[in-house]
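The values are calculated or read from the model by the stated rules, or taken from the named source; none is laboratory data. No experiment lies behind these values; they were computed from the predicted model shown. Note: ideal-geometry Cβ built from the backbone for every residue, glycine included; neighbour counts use all protein chains shown. Just the protein is used for accessible areas: all its heavy atoms, side chains included, with ligands, DNA and RNA removed. Shrake-Rupley method; radii C 1.70, N 1.55, O 1.52, S 1.80 Å.
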Amino acid sequence: QVQLVESGGGLVQAGDSLRLSCAASGRALSSYVSGWFRQAPGKEREFVAGINWTGGATYYGDSVKGRFTISRDNAKNTVYLQMNSLKPEDTAVYYCAAKSGLRGVTTVRGYDYWGLGTQVTVSS
């Protein structure tokens, strides 16, 4: 099993940048496909970005393409989400997740392990 802890959230203004980190403990994170999801109040959890075991393939939700970048450093057991040109509609709790296989990388139900989330608030 793997335990995930997110960090890096905060309050920023529209147009600013933030980098979220997801630190893993337990089993090596390199054994897992990783993803970032977000959930705003009253809304369903939404896929943001995913990355395969080596970082050689990445996937993005339509609303963040061109602004967000997912990456991983397996030596540090950490996955990152670089968020640029933030908008008020990006405000949400951001969750890191991990799964064994690549199938269903964009779906909430496909992931086995989840962190507790970190709040990102973007003011206009």
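Computed extension gain for Ser71 through Ser7, at 0.36 nm per residue and net of the alpha carbon distance, reaches 21.6 nm. Working ranking of peptides 44-57, 22-35 by packing, defined as the average number of other Cβ atoms within 10 Å per residue, highest first, is 22-35, 44-57. Heavy-atom accessible area with a 1.4 Å probe sorts Asp73, Asp62, Asp112, largest first, into Asp62, Asp112, Asp73. Modelled label positions at Ser25 and Asn84, each set 7 Å beyond Cα in the direction of Cβ, lie 3.4 nm from each other. With Cα atoms defining each centre, segment 97-124 and segment 1-63 are spaced 6 Å apart in the structure.
Round to a whole number: what % of the accessible area of the chain belongs to carbon and sulfur, probe 1.4 Å?
Values: 2900 of 6170 Å².
Within the chain, the accessible surface is 47 percent carbon and sulfur.
Charging the Cβ of each Asp and Glu at -1 and of each Lys and Arg at +1, and nothing else, the dipole of the chain about its Cα centre rounds to 260 debye.
Per residue, segment 16-124 exposes an accessible area of 48 Å² to a 1.4 Å probe, with every protein chain left in place. Result for the chain in a Gaussian network model with C-alpha springs under 10 Å: among Arg109, Arg38, Arg19, the largest mean-square fluctuation is at Arg109.
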